Structures are given as structure tokens and as C-alpha cells.
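Heads up: the structure comes next, in C-alpha cells.
The values are calculated or read from the model by the stated rules, or taken from the named source; none is laboratory data. For clarity, every value in this text was computed on a predicted model and none was experimentally measured. For neighbour counting, all protein chains shown are included, and Cβ atoms are generated from backbone atoms with ideal geometry for every residue, glycine included. Accessible surface is based on the protein model in full, side chains and every heavy atom, while ligands, DNA and RNA are left aside. Shrake-Rupley method; radii C 1.70, N 1.55, O 1.52, S 1.80 Å.
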Amino acid sequence: QVQPVESGGGLVQAGGSLRLSCAASGRTIRGYAMGWFRQAPGTERDFVASISWGVISTDYADSVKGRFTISRDNAKNTVYLQMNSLKPEDTAVYYCAAKAGAPGSDTFAYPYWGQGTQVTVSS
């Protein structure tokens, strides 16, 4: 089974940028839709962005549209989340997840999850 491993989190000032990476161990991400989710303390895990396998389609939460970009490099077995114009409310643990079939925003539809990477945006 595919095992996502996130990296690239850290501390950044408001207005800054970060790029998160999700490398898949165990098997190739070919054939898997991939998603990014985030969870702030005391809140539920929320959808951020998703990307399909094959003919590329992407989807974003309204709160990140125009600021975040999800992409994938199947040759490198890696998915990326480029985050620009970061805001303090983007502070959360960011998780990468994988699922067979079509992508989506439902947390429970993704069976494979990474351990998460912390993103902190200071004001």
C-alpha cells in the first residue's frame, strides 16, 4: 500500500511562502488521487486541495483558492503543495493522503495518510 510522507513545513511570516512535499513510500502513486488536508488545534481535519491521477484535475478549498497550488510529479513519486500569501489562519498540521479512484474533499474517503507536517504562520 502507498504510505505518504510529508515534509517542508516550518515557521513563516504572514505573506510568505512554503512548499510542502509528499513523497510516497511503499509503492508508486500512479493510479492514486492525492489530497492535502489540514488540522488546527481544537478543530476538525479540513480539505485543502486534491489532484487526480491521469488527466489532471485539481480542486481547492475556497479559503486557499488563488494562493495554494497542488501539483504532482509521478516520475518522482511526489505531490507538492505550493503555498503563497500565507495567513496566520493557515497555521495547522498539514496532512497528505491518497485514495484509489477519483479525488475528493471527503476526509473519510482517503484510506492512506501521512503523519503530518506543522505549518506556522506568524503575524
| task | Could you run through segment 80-122 and say how many residues are open to solvent by 60 Å² or more (accessible area, probe 1.4 Å) and modelled with pLDDT under 95? | result | 2
| said: Looking only at segment 65-123, how many residues end up being part of a loop (DSSP other than H, G, I, E, B), more than 13 Å from the chain's Cα centre (by Cα) and not hydrophobic (A, V, I, L, M, F, W, C)? | reply: 12
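Looking at this structure, is S57 over 14 Å from the mean Cα position of the chain (by Cα) and touching a residue at least 40 places away in the same chain (Cβ under 8 Å)? Break it down into steps so the answer makes sense when it comes.
Values: over 14 Å from the mean Cα position of the chain (by Cα): yes; touching a residue at least 40 places away in the same chain (Cβ under 8 Å): yes.
Criteria met by S57.
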| Can A14 be described as free of Cβ contacts under 8 Å to residues at least 40 places away in the same chain and more than 20 Å from Y110 (Cα to Cα)? | no
| task | Would you check which residues across segment 107-123 are over 23 Å from R27 (Cα atoms) and not hydrophobic (A, V, I, L, M, F, W, C) and list them? | result | Q118, T120, S122, S123
| Hey, which of the strands (runs of 3 or more DSSP E) in segment 1-48, taking only ones fully inside, have at least 2 residues that are out of contact with any Phe, Trp or Tyr (no Cβ under 9 Å at 6 or more places or on another chain) and loosely packed, with under 14 Cβ neighbours inside 10 Å? | 10-13
